[in-house]
Amino acid sequence: MALGLGADAAWAQGADGPVGLGQADTAAPGSPDRAVPEGQGGDAPIIAAPSDPGRWAPPPSTAYVPSEMGGFNSFAAGETAPLPMDRFNPGDLPVVVELFTSQGCSSCPPADAMLAGLSDEPDVLPLSFHVDYWDYLGWADSFARPEFTARQEAYAHAAGERAVYTPQIIVDGQDTAVAVGPAQLMGLIDASRVAPAMVSVQRETTPRGEAIEVMPLSDLGGEVEIVMIRYAPERQVHMTAGENRGKVVTYTNVVLSLELLAEWDGAAPLRMTVSPDGSASDSFPTDTRHALLVQQEHGGDGLPGPILAAIRLD
């Protein structure tokens, strides 16, 4: 398609803190010629971002305004007593694989299928973040939200990249590769599996909810965000317009919302109880699942850095 966006990628081969909402301090999507402001994103990228991805996003029509993360707060964070050490089980902490995708992108279905293949891996948490910048092509993505686009832009900003694109896979907030195939993706996941742990997590189910303690194992080097992810396990969509017209695509762990629950300085253990605190919302179906991401901020700019731990709540 002659949009000046590049050729399609060949995917088929192969402690205590305040509780509240936060802002995604991110950069706007743009063409390869759109420069990132100097002084943003740090000196060394945390993501080995590709220089020639398959599908660049269109240039923004207006100046970027940060989006707020938020949504219906079905869980609340609070203090709890220290947990016994025998509650720690490192096998419960999965590697997080984020796929930035779109129903309106013809390059994305093979990547969506590859993510679905990870759903049975007990130590992997695959997440589908649907972006909205392809909606103008004739099919509005039913799962897309501006804050998901903002999250991808923030990763690009942290890495010093000049644009965003689909499909893009990011493993544990640190690694990405262009046109990644199954073997390369498993290599990135295996590298995260054997990486030294920065935190330990203890948890216990109590009448009030999940009592969670996050303990720093070394100097974390800055602020850490505790982010709530809500996601639907599986959805099928039949596209009747746009680049994927006529296709039926199965999407895995479709993210419905993300919300900043707390910020943590990593100087002392973070203890919280995560429990239901409200009635169901029409925005979140009955099969909604929940996870917490313990994610390091990058460069002191509030940008997303390495994911130190992921905690499934159900």
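Quick notes on this one:
- Cα gyration tensor, the range 207-314 - rounded (a/c under 1.5), prolate or oblate: oblate
- Overall dimensions of the range 75-312, expressed as equivalent-ellipsoid semi-axes from the Cα gyration tensor (√(5λ), whole Å, largest first), are 30, 20, 17.
- Ordered by the count of other Cβ atoms within 10 Å of each Cβ, fewest first, PHE143, PHE129 give PHE143, PHE129.
- Sequence of TRP264, TRP139, TRP134 once ranked by neighbouring C-beta atoms within 10 Å, starting from the fewest: TRP139, TRP264, TRP134
- Calculated P(r) of the range 94-160 - Cα pairs past 19 Å, %: 38
- Neighbour-count ranking [beta-carbon atoms within 10 angstrom, fewest first] of HIS130, HIS290, HIS238, HIS157: HIS238, HIS290, HIS130, HIS157
Every number in this text was worked out from the coordinates using simple rules, so none of it is lab data. No experiment lies behind these values; they were computed from the predicted model shown. Here the Cβ is made from the backbone with ideal geometry for all residues, glycine too, and neighbour counts use every protein chain on show.
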